[in-house]
Amino acid sequence: MPRGGKAPHGDPRYGEFTGLADPGFNGGALRAWNPEGDASLTRTGNGDNVVRLGPAASGISQRVSGLTPGRRYTLAADVEIGPGERRDTTFRVRGAPTGAARTFDVTPARNTIAADEKRDTYAQRAAVAFTAPPGGSVTVELGAAEGGAPVVLDDVRVMADTTSPLPRAEKGTVVAHDDFEGNQPGWGPFVKGDAGGVTDPRTSISDLHEPYSQKEWKNTYSPYDSGTLKGKAVDDVLAGRHSLRSQNTGLVYRTVPATVPFEEGRCYAVSFTYQTNIAGQWAWVTGADRVGDGRAVPRQIRREDLESALDTRTHTHEFSRGAGTPGSDCASSAAPSARTWSSTTSP
């Protein structure tokens, strides 16, 4: 019991030193967030305070100051669009030197991370990168167009971004790139798939710890020093200081529209480097989500088993979004109603 029977501080200062006031909506009101339309504070069944955007065009916004001019940042939040429904939802940063916005209309992947408070919902992390302007102040906005699907927001964050900016391409435009070297949470463009069901995943961002994380050392110890696996270890880190190290059986991870925006009628080239010691143990999958009737049903379109690669190899694949069958070759031409995704799976 505090002295005098009451807490010594009347204002908990939610979000202090984060640049945002009340980023988790724990203050009991939305005064810091300038709600518009049908934006309201609500509490979930597990006691979590969230913002719910009703059917009118709705949103919340807040002024952020004290940013370092010229430095890159991200605006991120947990977001769920009604399962199996569509509604344009946008994260926007006003005042940045170049327009910074990300719009998506579906969150099709169920959250199956056991330790996440959003477990068993369709909430996933979404983000948009921006550069701080000369004055160091911007306005961040999270909103949705008019629509019947409820949109739920939580845990807003503005943080410095040390990931590499999108590189330039000789042909076309790069829409997603990650070398897993930056400070952003998660697995780059991927979220957890259904591998292992609801569990804390074994896939992780590996850290270089020579010699122990690399195959030259691992090949001198069990199980890689004898038998069928002799000399078949792979590196935990392929280049730099970090790599995405995958484990589990099933759909290990996948993209969602909030992380990689595939547009209808466009052709995409995906490439990545990898190592694996057994041919066919891992596969690159292209698929599509059929959204409707309150459900989002993933469907595998194409599976490409990865060849054994004890040394780093590059895998490249081209496919079309919304041409013929989602995920078909780029020569196809008609438009279905699906959302394409790419992922890695293990049998």
Subset of the range 115-133, residues under 17 Å from the mean Cα position of the chain (by Cα) and more than 15 Å from THR259 (Cβ to Cβ), comes to ALA115, ASP116, GLU117, LYS118, ARG119, ASP120, THR121, PHE130
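Matching residues to (1) in contact (Cβ under 8 Å) with a residue 60 or more places away in the chain; (2) hydrophobic (A, V, I, L, M, F, W, C); (3) buried (at least 16 other Cβ atoms within 10 Å of the Cβ); (4) not assigned by TED's automatic domain parsing to the domain that holds VAL93:
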{"residue": "THR18", "(1), (2), (3), (4)": "yes, no, no, no"}
{"residue": "ASN26", "(1), (2), (3), (4)": "no, no, no, no"}
{"residue": "ARG52", "(1), (2), (3), (4)": "yes, no, yes, no"}
{"residue": "PRO55", "(1), (2), (3), (4)": "yes, no, no, no"}
{"residue": "SER58", "(1), (2), (3), (4)": "yes, no, yes, no"}
So, in the range 298-315, exactly how many residues are surrounded by 13 or more Cβ atoms within 10 Å (Cβ to Cβ) and either assigned by TED's automatic domain parsing to the domain that holds GLU80 or among the β-branched types (Val, Ile, Thr) (or both)?
2
Pair list, Cβ under 9 Å, 6 or more apart: the range 259-286 residue at positive phi, other residue of a type in the set (Asp, Glu) and assigned to a strand (DSSP E or B)
GLY280/ASP305
Given the conditions (1) surrounded by fewer than 14 Cβ atoms within 10 Å (Cβ to Cβ); (2) assigned by TED's automatic domain parsing to the domain that holds GLY240; (3) of a type in the set (Lys, Arg), report the number of the one that LYS215 does not fulfil.
(1)
Just one of THR286, THR228 is over 21 Å from SER164 (Cα atoms) and surrounded by 15 or more Cβ atoms within 10 Å (Cβ to Cβ); which is it?
THR286
Enumeration of residues in the range 112-150 that are touching a Lys or Arg at 6+ places or on another chain (Cβ under 8 Å), of a type in the set (D, E, K, R) and either without any contact (Cβ under 8 Å) to a residue 12 or more places away in the chain or assigned to a strand (DSSP E or B) (or both):
GLU141
Within the bounds of the range 50-60, is there any residue that is within 29 Å of SER164 (Cβ to Cβ) and among the polar types (S, T, N, Q)?
no
On the given criteria, is THR98 of a type in the set (Val, Ile, Thr) and at pLDDT below 95?
yes
Residue satisfying condition, being surrounded by 20 or more Cβ atoms within 10 Å (Cβ to Cβ), more than 29 Å from LYS192 (Cα to Cα) and at pLDDT 95 or above, within set ALA132, ALA149
ALA132
Can you tell me which residue among ALA283, ALA288, ALA239 is in the same structural domain as THR203 (by TED's automatic domain parsing), out of contact with any Lys or Arg (no Cβ under 7 Å at 6 or more places or on another chain) and either at pLDDT 90 or above or under 21 Å from THR107 (Cα atoms) (or both)?
ALA239
Is it the case that some residue within the range 98-110 is surrounded by 17 or more Cβ atoms within 10 Å (Cβ to Cβ), more than 27 Å from PRO298 (Cα to Cα), under 23 Å from the mean Cα position of the chain (by Cα) and of a type outside the set (D, E, K, R)?
yes
Take PRO185 and decide whether it is in contact (Cβ under 8 Å) with a residue 40 or more places away in the chain and either out of contact with any Ser or Thr (no Cβ under 9 Å at 6 or more places or on another chain) or closer than 28 Å to CYS267 by Cα (or both).
yes
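The values are calculated or read from the model by the stated rules, or taken from the named source; none is laboratory data. Quantities reported herein were computed from a predicted structural model and do not represent experimental measurements. With ideal geometry, Cβ positions are generated from the backbone for all residues, glycine too; neighbour counts draw on all protein chains shown.
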